[in-house]
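Since the structure comes first, as structure tokens, the remarks are kept for the end.
The values are calculated or read from the model by the stated rules, or taken from the named source; none is laboratory data. Worth saying up front: this structure is predicted, and the values here are computed from it rather than measured. So basically every Cβ, Gly included, is an ideal-geometry build from the backbone, and we count neighbours across all protein chains shown. For accessibility, only protein heavy atoms count, side chains too; no ligands or nucleic acids. Shrake-Rupley method; radii C 1.70, N 1.55, O 1.52, S 1.80 Å.
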Amino acid sequence: MLTSIVGINWGDEGKGRMVDLLSADYDIVCRYQGGNNAGHTVINDLGKFILNLLPSGILREDVVNVMGNGMVIDLEHLSGEIGRLRAAGVKISPENLKISDKAIVCFPYHRLLDVLEEERLAGEAYGSTRRGISPVYGDKYMKKCIRMGDLLEKEYCHHTFSHILQYKNLTISGVYGKEPVKEEDMMQWLDKYTEEFKDYICDTTQYLNEAVKNGKRVMFEAQLGALRDIDFGIYPFTSSSSTIAAYAPIGAGVPNLKLDRVVGIMKAYSTCVGEGPFTAEWFGEEAEQLRAAGGEYGAATGRPRRVGPFDVPASRYGILVQGCDEIALTKLDVLSYMKEIPVCVRYALDGAETELFPYSAKLNRATPVIETLPGWQCDISACRKVEDLPKEALDYIRYIEKAVGCRIKYVSVGAARDEYIVMY
Ligand code: GDP
Ligand code: MG
């Protein structure tokens, strides 16, 4: 069984918590793109964790976790993240964590370049997490990167890296007028983390193919959401990797395999971290109330998230490009305070109304068309079965399900592992 768990919206839909929940039925969990710009929150009996690089299966003792070739890995950050989890009693060893030899290393100068470029852009900034993600993916396609497998070939690695650094320093000093990065410092950084991670690096293509042949069940965990995908999202306010389910086999290392199931994680309302068009955005009092009810502050950065009502055109588009078989609708409990629940059902654009998600540059002119549904105005966080839900909550779920055209299999009503309902 090969399943992908993906985001339908702008990210932060609750992918981490759903991977933590659904990975009970899987042997392997793979992250297949992105880096430590992810913030996947998991709350279970071990505590509360925010995972940036590690797959969310890491909290289950019998699950093997794979960091795929599609990822960019800041080794310093990974070291800290593993340290924090170990301090909380989580066991991490080469037995339950495998890092692809083809994954890309994200260096401290990638972080630096991310900050320098956002500062140069000033009012036009992309709203980056400033963790080096777009500079390092840029370098990947320029072929100016070190991959994890290179760390195991010290002489080759130092030789190649020395040339890469000369090239990068041309940008750091020539474009941004900053002090060049010292080769000696970076070599020390490399050697330190090579020592720490050498036993985790392996050919994950081989490993996963073998595992699948032996009947192991694999879950692929995406970062961010469809609307932040580099190709299909709101470019250039996207991330720099493919967040799409179809990329999962490639980014995980098994491009020869096909997915059996795609579960889309979709929030019961809209949130968005960072810049870019966000058509149904709320401001002022209305926004403050929803942000406070949902605790909408970035898991990776602490930034207040932009918020708004559920967006049908954006979510339908997200479901289309993800190729979802079923949906997990998260954070329904957050809407409990509303007397009436607004939903963005269409966009008004250039004198007409549309149900389709427009090309990104056109989105700047779109405005939301709102319909309102009755709220339930009671606490639903203890509901565990469909029958427990108030009629208005069930009507809201069914309305959304019909509007987006995909079955809502799970609904979550709280952040902890068991706070969810199976709808079918
Ligand atoms: P991810 O990046 O998609 O994994 O999502 P994040 O972890 O960034 O954001 C989701 C936030 O919502 C986290 O703080 C979760 O603990 C929280 N959360 C997830 N599901 C629910 C839910 O059903 N109800 C409530 N109230 N919070 C939830
Ligand atoms: Mg997040």
I265 versus (1) within 12 Å of ligand 1 (Cβ to nearest atom); (2) open to solvent by 30 Å² or more (accessible area, probe 1.4 Å): which is the lone unmet condition?
(2)
Identify, from the list N214, N256, the residue that is away from ligand 1 (no atom under 16 Å from the Cβ), touching a residue at least 12 places away in the same chain (Cβ under 8 Å) and of a type in the set (S, T, N, Q).
N256
Check whether at least one residue in region 270-289 is more than 19 Å from Y32 (Cα to Cα), outside the structural domain of L332 (by TED's automatic domain parsing) and either open to solvent by 10 Å² or more (accessible area, probe 1.4 Å) or modelled with pLDDT of 95 or more (or both), and report yes or no.
no
Being among the aromatic types (F, W, Y) and more than 16 Å from ligand 1 (Cβ to nearest atom), is that true of even one residue in region 18-32?
yes
Looking at Y126, is it of a type in the set (S, T, Y), under 18 Å from the mean Cα position of the chain (by Cα) and within 28 Å of S4 (Cβ to Cβ)?
yes
Only listed residue being assigned to a strand (DSSP E or B) and under 23 Å from the mean Cα position of the chain (by Cα), chosen from I400, I327
I327
Qualifying strands (runs of 3 or more DSSP E) (wholly inside region 6-108; at least 2 residues being under 13 Å from the mean Cα position of the chain (by Cα) and of a type in the set (A, V, I, L, M))
47-51
Within region 140-182, the residues that are among the aliphatic types (A, V, I, L, M), part of a helix (DSSP H, G or I) and touching a residue at least 60 places away in the same chain (Cβ under 8 Å) are M148, I172
If you take the residues in region 61-100 that are of a type in the set (D, E, K, R) and open to solvent by less than 40 Å² (accessible area, probe 1.4 Å), which one is nearest to A248 (Cα to Cα)?
K98
Within region 270-319, the residues that are within 20 Å of E353 (Cα to Cα), away from ligand 2 (no atom under 16 Å from the Cβ) and not in a loop (DSSP other than H, G, I, E, B) are G308, F310, D311, V312, P313, A314, S315, R316, Y317
Quick one: would you say T279 is touching a residue at least 40 places away in the same chain (Cβ under 8 Å) and of a type in the set (S, T, Y)?
yes
Would you check which residues across region 33-44 are more than 8 Å from ligand 1 (Cβ to nearest atom) and open to solvent by 10 Å² or more (accessible area, probe 1.4 Å) and list them?
N37, N44
